[in-house]
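Working notes, beginning with the structure itself.
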Amino acid sequence: MTTPSQINAAPGSDSSYEGPLAHIENLKKYYPVTQGMIVRKNVGYVKAIDGVSIDIPKGQTYSLVGESGCGKTTTARMFLMVEKPTAGQVFFRGKDIHKLSRKETADYRASVQAVFQDPWSSLNPRMRVDSLIAEPLVTHQHLSRTELKKRVHELLETVGLRSFHAERYPHEFSGGQRQRIAIARALSTQPELMILDEPVSALDVSIRAQILNLLKELQQNFSLSYLLIAHNLATVRYMSHQVGVMYLGKLVEEGPPSAVFGDPKHPYTKALISAALPAHPTNDREEIVLRGEVPSPINPPSGCTFHTRCPVAMDICSTVYPERREVAEGHRTSCYLYTETGTASA
Amino acid sequence: MATFEESGSEIVSDAEPKLLSIKNIASTAGKILRARLPWAPIIIMAVVVICAIFAPLLAPHDPTDIDIGVRKLAPGENWSYPLGTDRLGRDMLSRLIYGARTSAFISLVALGAGAVVGTTVGLVSGYAGKWTDTILMRITDAAMGFPTILAAMIIVTILGAGIANIILAIAVTVWARFARMIRGEVLQVRNRDFVLAARITGVSPVMIIWRHIFPNVINTLLIILTLLVGQTILLEASLSFLGLGLAPGASAWGLMVAEGRDYLISMWWLSLLPGLVITMVVMAFNFFGDWLRDTLDPKLRRSI
């Protein structure tokens, strides 16, 4: 494993800042639903994210889990600055990313990179591997041809490829190798935060472990922070320091993986974990099968959005969304089962 | 905490890159040779191109040379004028060969101009979306709906006759087809993850269009180009036939058909020969375009 030479100091580094590397506060993203051809009128909003707050500490992995459409990917995209949130803020090193100057925005873009699910779609088929990997570098730094070439070769070796692969096109590689190229590209500007959107879901099972191990190794060597989105709970358990469970645009439970998976509190988390296959078929497990479908995010249920499907719903659940409570050290959940009002009425 | 074990080693090819690239070239060449090429259209297209380039060497006579002594010869009557002569004694074969030059020049320049404008509009419109897209596409609709002949008449009336104005008239209407098709392709390409990856890296929109989107719509562009060559030649012929643009006496296929239409009974070859040439060339380009479309992009089976 070679360590890429330090080319620039971490952008925007401010030694006095000691909070989490990145955090979002009460973030909301609503997409308007319009009707009518000429005169558009809003008939409602899709509440993709509805009041989510998470902290991503330096050098750690925060994972978001939940079923399709729960807002995991939208949350991750808020860090990539491709869309503006409806309300709430995204902070990086304590600064609101939507209030950065031009120069700071460029630095931010260099410090936050992403690896996507499908390496067949995330690499431009018409570009050679070296220009793919060098693109973020060319955009952010002024390097000579030889420096660029050297850096590309270093990056290729960092992710376990060979330097002669630089002259090839993406179609000449397997899925795992392509994902390595995507990782090398993301690493090129020495980012501090990497958004991993289902980084191994599209890969063969035999390759997944290799890519996950590579990501862990890179995290240790470069003290990277990851925001991982995954639906495979085993992947999440292996990779993360913190796990957040999302349901209908809200964070229902978060905590260290041992707590969230070992002692789930929220009824939705319990159902989610029970739906995953156990490590061994003879392992005993409680099977919770949820009734019905996920409600539409256009008109989410009142109160706790999960009460329509919750096996232990109470009267209070349909009134107001429950506040987030700490049930154990670092383990928080939003459920009336763990509040005084809830336990009182139960 | 579950642990993963390294399972199955991923194959990292050790082959020499140079060897591989030679092999690649060989296999690509092999594929092209093995593919069933549309030989008839290719031969016709080649003949047109060769005639256009080497017209002075190939033509047996000067196409403008008037010789009353050999006027009104039918094809085959005198073998130094194999395709006969017109009522002024100009050699038909030479005029047809020079006509290829006119047609090729006019349609290529007009198409090229249309392609540059249309592709730019399509790329910008498709990538920018929203209001930019709406406005550009309405302009495109207007240009597509405007009859070419009418556009040509207006341009010729205002700017006067000449090759440049014919080219302008064709380009003014043809760009819209490029804009439409390219925009459609851009809408597909821009949703791929590599475009998002470039955006989050902070690559400028111009560079994203140039480096990521344009190279991925070149196939479509190539197909539209070949399919439109035939139509452009036909357009140029119609415009010349109507007397819009080229001066009488010039060697253009459409003009030759027009000149011969008063003598259809007495000198049938005057109109028939250039008419046949136009038909064959247009069909050759259309068939070749169809083949190219089916080979490169089977999902593009919409009429252009």
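The values are calculated or read from the model by the stated rules, or taken from the named source; none is laboratory data. What you see is a predicted model, and the numbers here were worked out from it, not measured in a lab. So basically every Cβ, Gly included, is an ideal-geometry build from the backbone, and we count neighbours across all protein chains shown.
Can you tell me which residue within region A:183-206, out of those that are more than 8 Å from chain B (Cβ to nearest Cβ) and among the small types (Gly, Ala, Ser), is nearest to A:PHE164 (Cα to Cα)?
The qualifying residue nearest to A:PHE164 (Cα to Cα) is A:ALA184.
Pick from A:ALA114, A:ALA76: which is within 12 Å of chain B (Cβ to nearest Cβ), under 22 Å from the mean Cα position of the chain (by Cα) and surrounded by 23 or more Cβ atoms within 10 Å (Cβ to Cβ)?
Residue meeting the stated conditions: A:ALA114.
Please name all residue pairs, on different chains or six or more residues apart, with Cβ atoms under 7 Å, provided the first residue is in region B:222-235 and is within 17 Å of B:THR148 (Cα to Cα) and the second residue is among the aromatic types (Phe, Trp, Tyr) and part of a helix (DSSP H, G or I).
Close Cβ pairs (under 7 Å, with a partner that is among the aromatic types (Phe, Trp, Tyr) and part of a helix (DSSP H, G or I)) amount to B:VAL229/B:PHE285; B:GLY230/B:PHE285.
Based on this model, can you work out whether B:ALA171 counts as in contact with a helix residue (DSSP H, G or I) (Cβ under 7 Å, 6 or more places away or on another chain), closer than 20 Å to B:THR226 by Cα and either small (Gly, Ala, Ser) or not in a helix (DSSP H, G or I) (or both)?
The answer is yes for B:ALA171.
Being assigned to a loop (DSSP other than H, G, I, E, B) and not acidic (Asp, Glu) is the filter here; which residues of region A:176-198 pass it?
Selection gives A:SER188, A:THR189, A:GLN190, A:PRO191.
Can you tell me which of A:LEU100, A:LEU137, A:LEU148 is buried (at least 20 other Cβ atoms within 10 Å of the Cβ), more than 7 Å from every other protein chain (Cβ to nearest Cβ) and without any contact (Cβ under 8 Å) to a residue 60 or more places away in the chain?
Exactly one of A:LEU100, A:LEU137, A:LEU148 is buried (at least 20 other Cβ atoms within 10 Å of the Cβ), more than 7 Å from every other protein chain (Cβ to nearest Cβ) and without any contact (Cβ under 8 Å) to a residue 60 or more places away in the chain, namely A:LEU137.
Assuming A:THR86 fulfils every condition listed in (1) at pLDDT 85 or above; (2) farther than 26 Å from A:LEU203 by Cα; (3) surrounded by 17 or more Cβ atoms within 10 Å (Cβ to Cβ) apart from one, which condition is it?
(3)
Please determine, by comparing only the residues of region A:123-134 that are in contact with a Leu (Cβ under 8 Å, 6 or more places away or on another chain) and in a loop (DSSP other than H, G, I, E, B), which one is farthest from the other protein chains (Cβ to nearest Cβ).
Here the answer is A:LEU123.
What number of residues in region B:199-210 are within 7 Å of chain A (Cβ to nearest Cβ) and either part of a helix (DSSP H, G or I) or in contact with a strand residue (DSSP E or B) (Cβ under 9 Å, 6 or more places away or on another chain) (or both)?
3
So which of B:ILE218, B:ILE265 ends up being surrounded by fewer than 19 Cβ atoms within 10 Å (Cβ to Cβ), within 30 Å of A:ASN124 (Cα to Cα) and at pLDDT below 85?
The match here is B:ILE218.
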